[in-house]
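Let me begin by presenting the structure, written as structure tokens, before commenting on it.
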Amino acid sequence: MSIALSDPKAERRMYQRRTWAMWTLMMMMMGALVTRMAYLQIHQHETYTTLSEKNRVQLQPERPTRGLIYDRRGRLLADNRPSYSLMLVKERVENLDQTLISLQGLIDLKEEDIERFHKRLGQVSRPFQSVVLKQRLSDEEIAVLAVNQYFLPGVEVEAELVRYYPYGEATAHVLGYVGSINEKEAESIDPIKYAATRRMGKTGIERQYEHLLHGDVGYRKVETNARGRVLRVLSKDAPSPGEQLNLYLDIELQLAGMKAFGERRGALVAIDVKNGGILAMVSAPSFDANLFVTGISTKDYSQLRDNPDLPLFNRAVRGLYPPGSTIKPFMGLALLQSGVTNWSQSIHDPGWYRLDNDERYYRDWKRGGHGVVDLHRAIVESCDTYFYQYSVKAGIDRLVETLSEFGFGQQLGVDVWGARPGLLPSREWKRAARNRAWYAGDTVNMSIGQGFTQASILQLATATAAFGNKGKTIQPHFLNRPDFNRRADDAWPDIQLKRDQDWTKMLKAFEDVVASPRGTAHRLQPSLTYRMGGKTGTAQVVGIKQNEEYDSEALAERHRDHALFIALAPMDDPKIAIAVIAENAESAGRVAGPIAQKVIDRYFELEQSYQAEDAAKAKKDETLREPEHAE
């Protein structure tokens, strides 16, 4: 009997069932794929088209060109010049450390540059973004890199426009400078507006008008590959350059001020009396602002920072000094306003003053005194005793009221970056700051610009301009633009005196400080070709004990008195107001006054030259104009 080893029919039925099961599963899977494909291609078409386009096409920002800055005659003060920088693209560099070593062998690449590069590299936000390694390449360095470019993949030389200040030290404290955006600044600025910008204004005009000078960022649409490399530019929206700024500053007058100081430390501010425009602002010594544009070296910065003459400090607006006797014309007007004295009332000056029930002697600068002194003579000869006596009678409250109207203790300069308000002391201030009452002795010291009183050179020049304008006040400002000029004109109320003739009489006393043989600035008169008024002042640096005399030779040079001078010219119709401080120079008549005179002399020379230029230009335009023919 034979036994069957297989059942073909059963196996065929099993095979058929398995085949149908496999086909059914395959059809179900195919259906699912088709359904998914239809869903993605039809229902999700727009979503994935956008994602694909975003992966392939990118918007890259383009930095705008920074606006230029000109002086009042159209001379360029802040320019943009091409500069070449060494850039690295990390993704294209095969061995970063080896590349840096190779570059050190080719060009002057310091460890400081490499440290900055690694810091910038850590801030990169997208792939294939070039990072600065070294800026301001020389022609020789550019040539060496071009020859070796084949051996340096990922290394590029990029051209860009960077800030350049043609007058260097002369404009550093006025214009300020631009510098690299630091981490703190990056957190506060608009990331869209500054998307392609590496620098921004740090100080001065550059900082004050950053919003106008920067411009608007542009964009270009580029096609990239999967790794982010740019293949081609698809479209471009050009950036808008920053605005051009025209200042009241006169660079020729600025240079004259710098020259007048020579090696001395000090500051000067000259203001157009009629419109409040700042014609010159000097702080000496100064520094070259170009050092900061692309990053100052540690060595150069240390030299500036550690210099005892403080070249980085803007003495004109941030330096606060006792105004000394330069405050007396304004103090005299305050005494007249209070009613405690008049032009005919006089005192006898023995050379000292004492308060009731006080044994202390407040000395006049002239040991023997001035004899019989009225207000006119007190201004001309700078009699301290006169101001001691009548200021105590007037009281601190009435004095502060008038002095504040001239800008003392006020925040001045609608566009002067970094300006400080100074200090006009009062009862309330002393109670709040020192937790002590105000004494008559405080008033005595304040009456001659000493004690707690502090003012900037900008404030002294501004007060002098308001004085020359007979109370018409205009906030000092740099920008020369109609809408801005109206804003400066309306920013500060005019000064109203009880008697208008007090302006005329005080201006006459102001002029006699220079014109009279007894005036404290009479040495200037012989060389003047115009009518100038002025007021000398001396600010103590260290105190002198009671009954001791000032001994210049016994003091270190930096402990000697500061010399101050304020001036107006011409006195028949004042056009320029100026304030000067020469630190530790002691004599205002011999040092500060001549500095002011040199600048005013130059001002009138320039005005005459400009008038001739304008007349010649008008005549030329008239000659070129087409004649009209009657038919």
Using θ = phi - 60° and the Karplus form 6.51 cos²θ - 1.76 cosθ + 1.60, what ³J(HN,Hα) does each residue of the range 356-368 get, whole Hz, x for Gly and Pro? 4, 6, 9, 7, 6, 9, 9, 7, 7, 5, 9, 4, x
Let me check something: with ligands and nucleic acids excluded, how do 331, 28 order by accessible area (1.4 Å probe), largest to smallest? 28, 331
Express the carbon and sulfur contribution to the solvent-accessible surface of the range 388-474 as a percent, rounded to the nearest whole number, probe 1.4 angstrom. 44 percent
Positive-end extreme of charge dipole, the chain - chosen from 218, 417, 596 (charges on Cβ): 218
Residues with amide H under 5 Å from that of residue 237, placed H, sequence gap 5 or more: 219, 220, 221
The range 307-411, relative contact order in percent, only Cα pairs under 8 angstrom and at least six apart counted: 29 percent
Kirkwood Rh over alpha-carbon pairs of the range 307-355 plugged into Stokes-Einstein at 25 °C, 0.890 mPa s gives a D in µm²/s of 168 µm²/s
Under 5 Å between amide H atoms, partner at least 5 residues away or on a different chain: which partners does residue 177 have, H built in plane at 1.01 Å? 202, 203, 206, 207
With point charges of +1 on the Cβ of Lys and Arg and -1 on the Cβ of Asp and Glu, referenced to the Cα centre of the chain, which listed residue (95, 41, 362) lies farthest in the positive direction of the dipole? 41
Rounded to the nearest 500, what is the 222 nm mean residue ellipticity of the chain from helices alone, with -39500 (n - 2.57) per DSSP H run of 4+ residues and division by all residues? -11500 deg cm²/dmol
Enumerate the residues in the range 419-449 having an amide nitrogen under 20 Å from the point lying 7 Å beyond the Cα of residue 313 toward its Cβ. 419-424
What are the residues whose amide H is under 5 Å from the amide H of residue 162, where those residues sit 5 or more places off or on another chain and H is modelled from the backbone? 81, 83
Can you figure out the FRET efficiency of residue 494 with residue 558, using R₀ = 35 Å and their beta-carbon distance, to the nearest 0.05? 0.30
Could you run the Karplus curve 6.51 cos²θ - 1.76 cosθ + 1.60 with θ = phi - 60° over the range 234-247 and give me ³J(HN,Hα) per residue in whole Hz, x for Gly and Pro? 8, 7, 8, 10, 5, x, 9, x, x, 6, 7, 10, 10, 9
Descending packing, highest mean Cβ count within 10 Å first, for 497-504, 609-616 is 497-504, 609-616
Taking volume of the Cα convex hull per residue in Å³ straight from the coordinates, which label in (i) 185; (ii) 352; (iii) 260 is the correct one? (ii)
For the chain, calculate the relative contact order in percent as a whole number, restricting contacts to Cα pairs under 8 Å that are 6 or more residues apart. 13 percent
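The values are calculated or read from the model by the stated rules, or taken from the named source; none is laboratory data. None of the values given here were measured: they were computed from a predicted structure. For neighbour counting, all protein chains shown are included, and Cβ atoms are generated from backbone atoms with ideal geometry for every residue, glycine included. When the accessible area is computed, the model is the full protein with side chains, heavy atoms only, and any ligands, DNA or RNA have been set aside. Shrake-Rupley method; radii C 1.70, N 1.55, O 1.52, S 1.80 Å.
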